[in-house]
Amino acid sequence: MKKYILMISVALTLSGFNSCSDRDLELLPPNGDLLDAVNTASKLQMFLTNAYLSIGDVSALGNDVMLFGDVLGDKIYNTPSRSVFLLTYNYTFSADQNQFKFYRSMYDVILSCNMVINNTKVPQTPEVVQMKGEAKILRGIAYYYLVSYYSPTPASGVNQEFGVPLVLNDYDVTIQPARATVSQVYDQIIADLNDGIAHTHTPTKKVFVGPDAAKIVLSRLYLTRRAPGDAELALQYATDVKNHAPMGDINAATNSGSFVSNNSSQYGSADYQKYWVNQNDAIYEGHGETIWEIDMSTSSNPVMNIGSNGALPVYYSVGDATRRCILANATFYNSIPATDIRRGGNINTGLFSTIGNNIGDTTPGYWVNKYPRTTSTGNFNRNIRIFRYSEAELLRIEALRLTNPTAALSELNAFASARKGTSYSGTNLLDDILTEKSKEFFSEGQRFLDLKRYGLPVHRPSNCTTCDVQGDDYRFVLPITRTALNNNANLKQYPGY
């Protein structure tokens, strides 16, 4: 009961915001009527706000999920000279010792979403329908990350009974849900996202989810499941999002365009670089390239535990000399030609830096400048981009590989050409596509899930104790914590732990 009261207490201290207007995730003074019935749209909105803040927590998409998606891969490494995430990087985690707190955080998101979705007391006005649609999308995203990390992929065919627990009702302290099957979890995610698409409009601000965010996840999901007809569905959703990408000049005056390749004449290396490193939050938050980003501000950061002890700029940025520990390995950096706009111009002023990288590594790496520590509104206030329109283009290419490989290669080379990068022969088309994706999305939390989707191994070239992890290794599925197991007698640990 204490946990339930705390959850409502946090939710009801958050601001309501109008789903049909420009909104920010801001805080209001505490509301004393904590356990009153949720019978107004404003109270319902508080639970939706809580879901947004929970999914943006430092243990969720605000840091850990994004960071682990690269640290568990093969392009980004935790310097052995600093032990911050070595337990994860070295694959030495277990049920008793691990750094994975987002299992709990994602269920916090789900519980808040359930309070919105299941409410029958508030009249179904257009505003409330929009809220419920957003809650469905957020719940689908939360389950997507849970099943992606804590379960095997459907295409692997192994241990398919080890999905994650499906909790769809309001909070009940007495329930002890067992794992659903992987198939059941995928079906629930698909249902939530499709329902969310049907009942939401394109958000007026990028810190809120809408149809394009849901379609990105659906495309990823179908590419991972790869049942009959899934490639066509992945292609459909990715194409929908790509076609919805804003066109126009990418510059400080309009900030209106995306980085999809058919808009390539409208931007260059400096524009791509500014999207990441420019300090002007007013211009580079809510950018045309962004589909959804986590709101980082002086109001939301304390609730999400974002700050000097935990944030992506803390670990990636050359500007944080105390706890920085995450770098791109030299092999990856050298695979990106100097002409490629993803190098971001000159070293140290572009997207990579060697300043202070002499920290005892066998092969010195490169700091990544995608997460500036200080921007125009202060420290740690730059929003974290979760989905970008460029991903839709690469997901489309990934789906075309399964349905029309010739077209996939043509579009892949068009994308690489727009980035002034390397062209591909298509001899190993899957490897070519994933290589291009790694160049586009380094440090954005995608590499590990790309490898896992196809059962591919992790192979690290330097600065590693665990340098190779085979694609069928049980550690591609994360362990449930001992605390969660002790609190739920029906919850089973994944085989191998």
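Points worth noting:
- THR483, sole failed condition from (1) polar (S, T, N, Q); (2) in a helix (DSSP H, G or I); (3) touching a Ser or Thr at 6+ places or on another chain (Cβ under 6 Å): (3)
- Filter result (over 13 Å from the mean Cα position of the chain (by Cα) and either in a helix (DSSP H, G or I) or free of Cβ contacts under 8 Å to residues at least 12 places away in the same chain (or both)) within the stretch 53-73: LEU53, SER54, VAL71
- Of all residues making up the stretch 423-434, the number that are under 20 Å from GLY73 (Cβ atoms) and β-branched (Val, Ile, Thr): 1
- Filtering the stretch 438-472 to residues that are of a type in the set (D, E, K, R), more than 21 Å from ASP64 (Cβ to Cβ) and not in a helix (DSSP H, G or I) leaves ASP468, ASP472.
- Tallying residues that are in contact with a helix residue (DSSP H, G or I) (Cβ under 6 Å, 6 or more places away or on another chain), closer than 18 Å to VAL129 by Cα and assigned to a helix (DSSP H, G or I) within the stretch 162-212 yields 7.
- Candidates TYR186, TYR222, TYR237, filtered to the one that is in contact with an Asp or Glu (Cβ under 6 Å, 6 or more places away or on another chain) and surrounded by 15 or more Cβ atoms within 10 Å (Cβ to Cβ): TYR222
- Pairs are defined by a Cβ separation below 6 Å, a sequence spacing of at least 6 or placement on different chains, a first member in the stretch 464-492 that is under 17 Å from SER148 (Cα atoms) and in contact (Cβ under 8 Å) with a residue 12 or more places away in the chain, and a second member that is outside any loop (DSSP other than H, G, I, E, B) and not aliphatic (A, V, I, L, M); the pairs so defined are PHE476/LYS452; LEU478/TYR149; LEU478/TYR150.
Conditions (1) assigned to a loop (DSSP other than H, G, I, E, B); (2) of a type in the set (A, V, I, L, M); (3) surrounded by fewer than 20 Cβ atoms within 10 Å (Cβ to Cβ), marked per residue:
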residue: GLN273; (1), (2), (3): no, no, no
residue: ILE283; (1), (2), (3): no, yes, yes
residue: HIS287; (1), (2), (3): yes, no, no
residue: GLU293; (1), (2), (3): no, no, no
residue: PRO313; (1), (2), (3): no, no, no
residue: VAL318; (1), (2), (3): yes, yes, no
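- Selection within the stretch 412-435 - surrounded by fewer than 21 Cβ atoms within 10 Å (Cβ to Cβ), farther than 21 Å from SER148 by Cα and in contact (Cβ under 8 Å) with a residue 24 or more places away in the chain: ALA414, SER417, ALA418, LYS420, THR422, LEU429
- Filter result for LYS206 (among the basic types (Lys, Arg) and within 17 Å of the chain's Cα centre (by Cα)): yes
- Filter result for the condition that a residue is among the hydrophobic types (A, V, I, L, M, F, W, C) and more than 23 Å from ASP450 (Cα to Cα), over ALA231, ALA180, ALA227, ALA213: ALA180
- Single match in THR362, THR322 (criterion: without any contact (Cβ under 8 Å) to a residue 40 or more places away in the chain and of a type in the set (S, T, N, Q)): THR322
- Total residues in the stretch 463-494, condition exposed (fewer than 12 other Cβ atoms within 10 Å of the Cβ) and more than 26 Å from the chain's Cα centre (by Cα): 5
- Out of MET131, MET106, one residue alone is surrounded by 15 or more Cβ atoms within 10 Å (Cβ to Cβ) and touching a Phe, Trp or Tyr at 6+ places or on another chain (Cβ under 8 Å). It is MET106.
Residue by residue, here is whether (1) surrounded by fewer than 23 Cβ atoms within 10 Å (Cβ to Cβ); (2) polar (S, T, N, Q); (3) within 30 Å of GLY496 (Cβ to Cβ); (4) in contact (Cβ under 8 Å) with a residue 60 or more places away in the chain holds:
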{"site": "GLN99", "(1), (2), (3), (4)": "yes, yes, yes, no"}
{"site": "PHE102", "(1), (2), (3), (4)": "no, no, yes, no"}
{"site": "SER112", "(1), (2), (3), (4)": "no, yes, no, yes"}
{"site": "THR125", "(1), (2), (3), (4)": "yes, yes, no, yes"}
{"site": "LYS136", "(1), (2), (3), (4)": "no, no, no, yes"}
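Read-outs throughout are calculated quantities, based only on the coordinates presented, and are distinct from any laboratory measurement. What you see is a predicted model, and the numbers here were worked out from it, not measured in a lab. Cβ atoms come from the backbone with ideal geometry, glycine included; neighbour counts cover every protein chain shown.
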